[in-house]
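Report on the following structure.
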Amino acid sequence: MRRSNDCASRVASLLDQLGLGNGRTYDHLRELFPDRKIYVCERRVAAHPDCVPPSELLLLGDMRETLRDARNRLNDRVALTHLDPATGDVVAGKMLADELVPLVLPLLRLGGVLVSEPALAADGLNSLSLPAGVESGRYNLYRRVSHRSPP
Ligand SMILES: C[S@@+](CC[C@H](N)C(=O)[O-])C[C@H]1O[C@@H](n2cnc3c(N)ncnc32)[C@H](O)[C@@H]1O
């Protein structure tokens, strides 16, 4: 967890947390970036009430739908997305992450950064090096480098 936060800390600047979970990453992001709006996707909120975003920033429901609905509002505006939809099933998590990439990419502004636990491959995303101390493959950092979005 701390290492994921190290990855998030490397970039400053609308943020998007995909998977609230118990709210640790959200808590860390809001501490790092108190002036930024942090949108959070979550199917079912189970975090401590102190770690729940305000309702206008909570995209409640299946993120495959809520991210699609958020396009008009967020397209090309998000500086940092932290993608962590894991549910314990590695294969299912990777499949979900691959499904989410075409929805996440158009939201990221050019130069915006995506932090993801599963490795991703998509046109328009370049890999970035990890901060010192983060084990290779444990997390993955990408920068959006072109407006070419997947079909
Ligand atoms: C591993 S947890 C996130 C942990 C989080 N980084 C933290 O700091 O606690 C993954 C979360 O993603 C949510 N999730 C998984 N698939 C989802 C989907 N399709 N739509 C919305 N939320 C989803 C789960 O409900 C779960 O709370």
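For the chain, what is the mean residue ellipticity at 222 nm derived from helices alone (per DSSP H run of n ≥ 4: -39500 (n - 2.57); sum divided by total residues; nearest 500 deg cm²/dmol)?
-8000 deg cm²/dmol, from helical runs alone.
Where Rh is the Kirkwood radius over the Cα pairs of the range 35-151, the temperature 20 °C and the viscosity 1.002 mPa s, what D in µm²/s does Stokes-Einstein return?
It diffuses with D of about 143 µm²/s by this estimate.
Taking neighbour counts of Cβ atoms within 10 Å as a proxy for exposure, in what order, fewest first, do Thr87, Thr66 appear?
With the sparsest Cβ surroundings first, the list reads Thr87, Thr66.
Sorting check: for 102-115, 24-37, which peptide has the highest mean count of neighbouring beta carbons within 10 Å, and how do the rest follow?
The packing order, highest mean first, is 102-115, 24-37.
Considering amide H positions built from the backbone, and no H for Pro or chain starts, which residues 5 or more places from Ala122, or on another chain, come under 5 Å of its amide H?
Amide H neighbours of Ala122: none.
Please give the contour-minus-distance gain from Glu99 to Ala121: 0.36 nm per residue of separation, less the Cα-Cα distance, rounded to one decimal in nm.
6.8 nm
Once the piece of chain linking Arg44 and Asn75 is laid out straight, how much longer is it, given 0.36 nm per residue of separation minus the C-alpha distance between them?
8.7 nm
Relative contact order of the range 56-151, please, whole-number percent, based on alpha carbon pairs below 8 angstrom and at least 6 residues apart.
With pairs under 8 Å counted, the relative contact order is 28 percent.
When the Karplus curve 6.51 cos²θ - 1.76 cosθ + 1.60 is applied with θ = phi - 60°, which whole-Hz ³J(HN,Hα) does each residue of the range 34-41 get, with x for Gly and Pro?
Karplus-based 3J(HN,Hα) across the range 34-41 equals x, 8, 9, 7, 10, 7, 10, 9 Hz.
Shape verdict for the range 11-93, please, from the Cα gyration tensor: rounded (a/c under 1.5), prolate (a/b greater than b/c) or oblate.
On the way: a/c = 1.42, a/b = 1.13, b/c = 1.26.
It is rounded, given that a/c, with a ≥ b ≥ c, falls under 1.5.
No lab work stands behind these numbers, since they all come straight from the coordinates. Everything numeric in this text was worked out from a predicted model, so none of it was measured. Please note: Cβ atoms are built from the backbone with ideal geometry, for glycine as well, and neighbour counts cover all protein chains shown.
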